[in-house]
1. Pick out the one residue from B:304, B:282 that is touching an Asp or Glu at 6+ places or on another chain (Cβ under 9 Å), of a type outside the set (A, V, I, L, M) and surrounded by 16 or more Cβ atoms within 10 Å (Cβ to Cβ).
2. Please find, among A:72, A:32, A:46, A:52, the residue that is assigned to a helix (DSSP H, G or I) and either modelled with pLDDT of 95 or more or within 13 Å of chain B (Cβ to nearest Cβ) (or both).
3. So, in segment B:97-125, how many residues would count as being assigned to a loop (DSSP other than H, G, I, E, B) and either surrounded by 23 or more Cβ atoms within 10 Å (Cβ to Cβ) or at the interface with another protein chain (Cβ under 8 Å from one of its Cβ atoms) (or both)?
4. Might you let me know whether segment A:3-12 holds any residue that is modelled with pLDDT of 90 or more, of a type outside the set (Gly, Ala, Ser) and under 20 Å from residue A:73 (Cα atoms)?
5. Search segment B:201-216 for residues being outside any loop (DSSP other than H, G, I, E, B) and more than 19 Å from residue B:151 (Cβ to Cβ), and hand back the single one that is modelled with the lowest pLDDT.
6. Working only within segment B:325-334, note down all residues that are over 33 Å from the mean Cα position of the chain (by Cα) and either in a loop (DSSP other than H, G, I, E, B) or under 16 Å from residue B:299 (Cβ atoms) (or both).
7. Would you be able to tell me the number of residues in segment B:1-55 that are within 14 Å of chain A (Cβ to nearest Cβ) and out of contact with any Pro (no Cβ under 6 Å at 6 or more places or on another chain)?
8. For residue B:118, only one of the following conditions fails: (1) closer than 14 Å to residue B:48 by Cβ; (2) at pLDDT below 95. What is its number?
Amino acid sequence: YPLDRAAKDEADNMELLERYLENFYNLKKDVKQFVRRKNSSPVVNKIQEMQKFLGLEVTGKLDSNTLEVIQKPRCGVPDAGQ
Amino acid sequence: FSTFPGTPKWTKTHLTYRIVNYTLDLPRDVVDSAIEKALRVWAEVTPLTFSRLQEGEADIMISFAVREHGDFYPFDGPGAVLAHAYPPGPGINGDAHFDDDEQWTDDTTGTNLFLVAAHELGHSLGLFHSANTEALMYPVYKSATNLARFRLSQDDVDGIQSLYGPPPPSSANPAVPTKSAPQESGTLDKCDAALSFDAISTLRGEILFFKDRHFWRKSLRILEPGFYSISSFWPSLPSGIDAAYEVISKDTVFIFKGHEFWAIRGHEVQGGYPRSIHTLGFPATVRKIDAAISDKDKKKTYFFVEDKYWRFDEKRRSMEPGFPRKIAEDFPGVDSKVDAVFEAFGFYYFFSGSSQFEFDPNAKKVTHVLKSNSWFLC
């Protein structure tokens, strides 16, 4: 700290992704620290699940298209069954 | 499409709703209309009907709230989550909550209440999110939707009909009997003097007048025509069709849109369709058919394209030589582009815009000029 701008943006984006996956794709709280382990398979699997459901290219990464879609307003009902 | 785990659905077809409170973003009557219209979207394609309660517990309780609002799923301020709703069932189930930190509008300058309400009420009826990006039940809000011509995707129709089935064919299914009921047809009013049709065909003794995504079904025995969405009868057919005609000997109606055509028999769309219109013998320069009619006695079908027409031999299943010919030469008096045509009582009725020409094929002349909607006895 202080983070440089690019690092801060990436951290913000990862936090957004984390919340999105928690809220809508049942990402478990116990993998919440994935910002530091973003290549872990549970996280990649969840990103892939989200990308597949939303009709995005399935990369398993937070690419620009995925970031754009998860920033759009949406319904609060989770996409994954609870 | 998908449904909620366990596929919860209402076990009755008449449901109640109540608007518990209002956003300050819109006049109350605009909110009322948006909710009514959103319910109507689903009522048009199912046997479901809705009535409004002013007090007490309704099946579907509709409310606006901000942040924490008593259901453990707090809203999040402007943007992001717009609303949420619960699947069918008692208590909070069936209810729809709207985040009042959004800027609700009746157009697309903010968050359009009708679009979001239609989506949430889909949840209230048992639909889960769809992965089909064209579907209303896709979870991401799409502000660019053309509100004036809103329609459910086939995916949405398939989804809701998997739970409740199609609407009963014997009724026009007036979903929400309120002052805004005429909006059921969007801008369509059967008595509008300017009304024109996309296509018209007979079907087993009735007459179907197609317009946009709907059609009027006129029986000669009943004065008042029924009004239906095309998808409620034939879910796989497109809206905004170009032409339609019945071949009575085959008990089949052929439906045309663009370079494709379908065959329907009663409620069933026949297998092997759509086919290209060019399989009928049209040249590649013909991209669409304006109107068509089949002469049951001569077994000839006439296809009208701009100012010309082709003649198809139904027995040989081939286009006749010597065509196209000018419409104006062989159908004098029918000088303009034809929107639709059908046969009744030995006359051909040609439609062009809001005008209708009764043509006597034997005398080869126009015998009456009428308004297009004269069949509705307005």
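The values are calculated or read from the model by the stated rules, or taken from the named source; none is laboratory data. For clarity, every value in this text was computed on a predicted model and none was experimentally measured. Neighbour counts run over all protein chains shown; Cβ positions are idealised from the backbone, glycine included.
1. Details: B:282 fails: touching an Asp or Glu at 6+ places or on another chain (Cβ under 9 Å).
When all the criteria are applied, what remains is B:304.
2. Values: A:72 fails: assigned to a helix (DSSP H, G or I); A:32 fails: either modelled with pLDDT of 95 or more or within 13 Å of chain B (Cβ to nearest Cβ) (or both); A:46 fails: either modelled with pLDDT of 95 or more or within 13 Å of chain B (Cβ to nearest Cβ) (or both).
On inspection, the qualifying residue turns out to be A:52.
3. Here is the first cut: in segment B:97-125, the ones assigned to a loop (DSSP other than H, G, I, E, B) are B:100-103, B:106-110.
Filter once more, keeping what is either surrounded by 23 or more Cβ atoms within 10 Å (Cβ to Cβ) or at the interface with another protein chain (Cβ under 8 Å from one of its Cβ atoms) (or both): B:102.
Looking only at that region, the number is 1.
4. Within segment A:3-12, the subset modelled with pLDDT of 90 or more is none.
So far as segment A:3-12 goes, no, none of its residues is modelled with pLDDT of 90 or more, of a type outside the set (Gly, Ala, Ser) and under 20 Å from residue A:73 (Cα atoms).
5. Applying the first criterion (outside any loop (DSSP other than H, G, I, E, B)) to segment B:201-216 yields B:201-203, B:206-211, B:214-216.
When the remaining residues are screened for being more than 19 Å from residue B:151 (Cβ to Cβ), the result is B:201-203, B:206-207.
Details: B:201: 97, B:202: 95, B:203: 93, B:206: 90, B:207: 94.
In this case the residue turns out to be B:206.
6. B:332
7. Going residue by residue through segment B:1-55, those that are within 14 Å of chain A (Cβ to nearest Cβ) are B:1-8, B:38.
Those left that are additionally out of contact with any Pro (no Cβ under 6 Å at 6 or more places or on another chain): B:1-3, B:5-7, B:38.
Adding up the residues that qualify gives 7.
8. Checking residue B:118 against (1) closer than 14 Å to residue B:48 by Cβ; (2) at pLDDT below 95, the one that fails is (2).
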